[in-house]
Amino acid sequence: MVLIYLKGGLGNQMFEYAAGKALATHLNVPFKIDKSYYDNKEYIDESLNNFFNIPGFRDILNINFEITAETATAKEAKQFRPGFIGKVIDRLTPRYLRKVYRENFTVYDKHFYRLKQNVLLKGYFQSEKYFKPYADIVRKELSFKPLIKERNKELADKILEERSVCVHVRRGDYVSNADTTKVITSLDLKYYFDSKKYLEKTLQKTISYFVFSDDIEWVKSKFTSFTNVTYVDKSFGNSDVDDMYLMSCCKHNIIANSSFSWWAAWLNQHPNKIVIAPEKWFNAANLTANDLVPDNWIRI
């Protein structure tokens with residue numbers, strides 16, 4: 001069995017799921033999810049309520065995606081929580097034979113596929129490299145089920161008909177939470193304007209921009225140079241999964257330094273897509289996005 005310790009918001013959970021599914025497929029063993037992180041209400045942020053498993057983990061997964069993993073039972077999860085002596089033994093065991101594997105954040109571990117079965121994965125696994133050998137399987141399981149809201153269907157049709165570019169602007173805790181800003185860069189407007197300039201020069205055709213943000217009014221006040229633009233605001237009444245689906249329908253993506261828009265761009269299946277990602281992802285000097293951003297994406 002491969003067990004993934006799920007934590008974080010939608011984008012983080014998708015990275016975790018993808019890595020776990022890929023390793024379980026590689027080892028040809030069952031894949032299960034430990035959702036105990038969310039059992040403690042102390043850790044639940046109200047902003048996460050639309051994500052994978054808060055509340056009603058299995059129900060929300062089934063509504064939005066074609067996932068196959070089951071939720072681990074308490075007994076199954078408990079075997080990966082050793083006592084003091086077990087922890088000492090585990091630390092003395094070679095890294096790739098341990099029952100609990102902890103990822104080195106932001107740096108891909110090229111020995112990942114040396115792991116053996118009956119392992120608990122802990123970390124964010126934010127790199128396509130963790131699941132690239134099984135990308136087709138991951139893409140199938142994380143493909144979106146059909147939209148229900150008529151207004152979203154109309155918007156999706158418009159996105160698919162036009163030369164559409166998704167622009168994702170994340171603010172929220174990126175500008176308001178001191179702990180977050182120590183780690184994550186708040187992108188300046190120059191990044192978006194330079195990305196716009198790059199796309200318009202490259203495509204040399206009329207572009208339709210579709211802007212998604214958690215602070216859409218702020219974006220409207222700053223994006224005055226954008227023309228032919230649709231702002232996807234709260235009036236659509238969308239869940240996070242609805243927005244991610246619509247973002248993935250666009251032919252090209254200008255993403256934020258966000259796992260949420262990373263997945264929207266990765267799930268974009270247009271064959272000639274251009275994805276632009278920020279050169280600077282983190283504020284923390286010890287963190288790098290070199291493994292996080294796929295090699296065929298443009299960094300500005």
What residue, among those in region 9-41 that are of a type in the set (D, E, K, R) and outside any helix (DSSP H, G or I), is surrounded by the most Cβ atoms within 10 Å (Cβ to Cβ)?
ASP34
Hits in region 216-232 (condition: surrounded by 15 or more Cβ atoms within 10 Å (Cβ to Cβ) and in contact (Cβ under 8 Å) with a residue 12 or more places away in the chain)
ILE216, VAL219, PHE223, PHE226, VAL229, THR230, TYR231, VAL232
Name the residues in region 266-300 that are farther than 20 Å from TYR108 by Cα and in contact with a strand residue (DSSP E or B) (Cβ under 8 Å, 6 or more places away or on another chain), would you?
LEU267, ASN268, HIS270, LYS273, ILE274, VAL275, ILE276, ILE300
What number goes with the only condition from (1) surrounded by fewer than 16 Cβ atoms within 10 Å (Cβ to Cβ); (2) free of Cβ contacts under 8 Å to residues at least 40 places away in the same chain; (3) of a type in the set (A, V, I, L, M) that LEU203 does not pass?
(2)
Test result for GLU154, acidic (Asp, Glu) and under 30 Å from TYR96 (Cα atoms):
no
Just the residues that are part of a helix (DSSP H, G or I) and among the polar types (S, T, N, Q), please, taken from region 197-247.
THR202, SER221, SER235
Could you pull out the residue among ASN286, ASN253, ASN268 that is surrounded by fewer than 22 Cβ atoms within 10 Å (Cβ to Cβ) and at pLDDT 95 or above?
ASN268
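The values are calculated or read from the model by the stated rules, or taken from the named source; none is laboratory data. Because the structure is predicted, anything quoted here is derived from the model rather than measured. Neighbour counts run over all protein chains shown; Cβ positions are idealised from the backbone, glycine included.
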